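Following: one structure in structure tokens, then a few remarks.
The values are calculated or read from the model by the stated rules, or taken from the named source; none is laboratory data. Because the structure is predicted, anything quoted here is derived from the model rather than measured. Cβ sites come from the backbone with ideal geometry, for glycine too, and all protein chains shown count toward neighbours. All accessible areas refer to the heavy atoms of the entire protein, side chains included, with ligands and DNA or RNA removed. Shrake-Rupley method; radii C 1.70, N 1.55, O 1.52, S 1.80 Å.
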Amino acid sequence: MKQVKISIVKKLTLAFLSGLLLVSSLSAQTAMVNVPNRHKKSLNGNWQVILDPIGIGEWKQVWQEKKPQKKTDFVEYSFDGDPSLKVPGDFNSQLCELTWFEGVVWYKKQFNYSLQPGKRLFLHFGAVNYMADVYLNGEKIGSHEGGFTPFQFEMTDKVKSGNNTIIVKVNSNRQVNGLPGTGYDWFNYGGITRDVDLIETKETYIEDYFIQLKKGSLNRVLGWVQVDGNQPVQYIKVKIPELNLECKSRTDDKGRAKIEFSSHLKLWSPDSPKLYKVIVESQNDVVADSIGFRTIEVKGNQVLLNGKPIFLKAANIHEENPYKKARAHSLVDDRILLNAAKELGCNMVRLAHYPHNEDMIREAEKMGLMVWSELPVYQHIQFSDSLVPAKLERMLNEMVCRDKNRCGVIVWSLSNETYPGTPNRNEALIALTAKCRAIDPTRLICHVTNTQTYTNNTFNVWDPLAKYSDLIAINEYIGWYDPWQGKPSETKWQIAFPDKPVFISEFGGEAKFGNNSAPSDEAAYWTEAYQEKIYTDQTAMFATIPNLCGVCPWILFDYRSLGRMNQVYQNGYNRKGLLSENGEKKKAWYILHEYYKKK
Ligand code: GCB
């Protein structure tokens, strides 16, 4: 009997382990860097879809695309017929029956390919929200979790010469142990929300590189180049033609080369967003990028850009095109948001609360906007779930990997408003901070807090994570969620780690544009005047904050959020925008515009 039990346990263990192996071998790879400048074929456009609100497609194995074999056969699914959906794009805004849908949609795309010997082929997704299971010609090639970061699968040995079919199961259901978790104050746009590309590379190709100024140095570049393939040892050159510069190096047997050189660089800054054409060459591959150089550091209680103190005049932005009521994904969408930030007088955007599309970051950098990039580690994360630490690390890698050569990015924000009392929260986020510093020692790292009390006109911030942040980033809603406890200009501050710079990462209140007639001194009427007063009081209060290095209103545009259910004033919108969802300026906009002009 005992013998039997042991063999069952053994079998189960083996099954479990082989399951784990299968799962890990089918995980997506972290995507190569600089996808916009690769040799690629776009798979954007119309994709055929099957809507699967009850999630039965898995059981029917729709990826097999079965066809009737004899006259009496039939198959109860098919991608032929309507509807189809545009990729990139969220599905909620494309079909009215999907407006509030959170669940499974199956996508299908066919493509023709002929891969020449000596070349490799990758299938690259800019982002799929939230889970993606990907099939090529009926075979599962892998899965990915996380709605805002890129991933890829190698198809070199799997792609057929001629016609091929990709099927993607997209599941936008909220996950209890997901990032974010189940509760968040933005619209859950599901679907293949960013570009899909086939990327062809050389057999040994330049997979990744990190080319930025060494921390604290205004003229020394320190980084590395990574090649991947069967010839890992390669000569490498990094060239900047405008500077007549050529840096030579050689990869080790793991394909990594150190890059280090000095030059008189024109530094990137909001006033002069200089980018250089940088060419990275290996023996048989080459890729070009536009890279800027700047330093960002905290010295004492100040933030220094290129060695000089800078005040961060920021705006919070969600990745939503307000006019289309859809997930922003194109340059046109991105420019609507970034131009509005510029017009307000910003020199920085906080891209809340998840990594935005790559064009958004590249465009912000070109426009002279510094970027705050954030992980969707928001409020209700299940830090003690055994799977969460690995998910955190993976998402961190995906975020940093894609944008680490963008000098515009000055802050990696690793969390927003998580709660110190959540089991394992502090341990998990402290470990994540260390990992982030190890993969990118050049930027500021931060955890946004609202662990605080506000009594007797004294604001007390005590989050233990502040110790691990370069900035103390505080979300405070005095005048909205917390009524004023005294004169704004007499507010007192008690901040743990009082020597660090302080950034007000959120403040504000709600108003419906054009609502000017109701009592203006009561919050419950959502008037522009009430919001305007909050901004007048807040800007007076900012003068009381020790080491203030910047502020960031919540938020630039009104945006969709289903928890906002006041049918008179909100109608499914968070109305803390300085601009309405139609782009109209509310009174508070002018207050902050003036404040930024003077700063
Ligand atoms: C916050 C959150 C932000 C919300 C905002 C609000 O503290 O960080 O995501 O949307 O408050 O409007 O309540």
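State the percentage of accessible surface on the chain attributable to carbon and sulfur atoms; use a 1.4 Å probe and exclude ligands, DNA and RNA.
Details: 13080 of 24630 Å².
Carbon-and-sulfur percentage of accessible area, whole number: 53.
Based on the alpha-carbon set only, what is the convex hull volume of the stretch 29-202 divided per residue, in Å³? The partial results should precede the final answer.
Working: hull volume 22.5 nm³, N = 174.
Given the Cα convex hull of the stretch 29-202, per-residue volume reads 129 Å³.
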Placing +1 on the Cβ of each Lys and Arg and -1 on the Cβ of each Asp and Glu in the stretch 237-346, which of L265, L338, A288 has its Cα farthest towards the positive end of the resulting dipole? L265
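Leaving out ligands and nucleic acids, and using a 1.4 Å probe, what accessible area per residue does the stretch 29-202 come to in Å²? Don't jump to the answer; show the numbers that get you there.
Numbers: 7290 Å² over 174 residues.
With all protein chains present, the stretch 29-202 gives 42 Å² per residue.
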Overall dimensions of the chain as given by Cα atoms, namely Rg and Dmax in Å: 25.4, 84
For the stretch 29-202, with the dipole built from +1 on Lys and Arg beta-carbon atoms and -1 on Asp and Glu ones, taken about the Cα centre, which of F101, P53, L136 lies farthest toward the positive end? L136
If you find the alpha carbon centre of the stretch 508-579 and of the stretch 310-357, how far apart are they in angstrom? 18 Å
Find the lysine pairs in the stretch 522-599 meeting two conditions, Cα atoms under 15 Å apart and a separation of 8 or more places or different chains, and report how many there are. 6
Per residue, what volume in Å³ does the convex hull of the Cα atoms of the stretch 108-237 enclose? 166 Å³
Under 18 Å from the Cα of K239 - aspartates and glutamates, other chains or at least 8 residues apart: E207, D208, E260, E281, D285, D289
In whole Å, what is the distance between the alpha-carbon centres of the stretch 31-88 and the stretch 124-176? 11 Å
Reachable lysines from K67, Cα under 25 Å, same-chain residues fewer than 8 places away excluded? K108, K109, K140, K158, K160, K169
Scale the Cα Rg of the stretch 205-294 by the rule-of-thumb value 2.2 N^0.38 Å and send over the ratio, two decimals. 1.08
Over the stretch 298-598: Rg over Rh, Cα atoms, Kirkwood Rh: 0.94
Mean projected area (nm²) of the alpha-carbon convex hull when the stretch 178-336 is viewed from all directions: 13.5 nm²
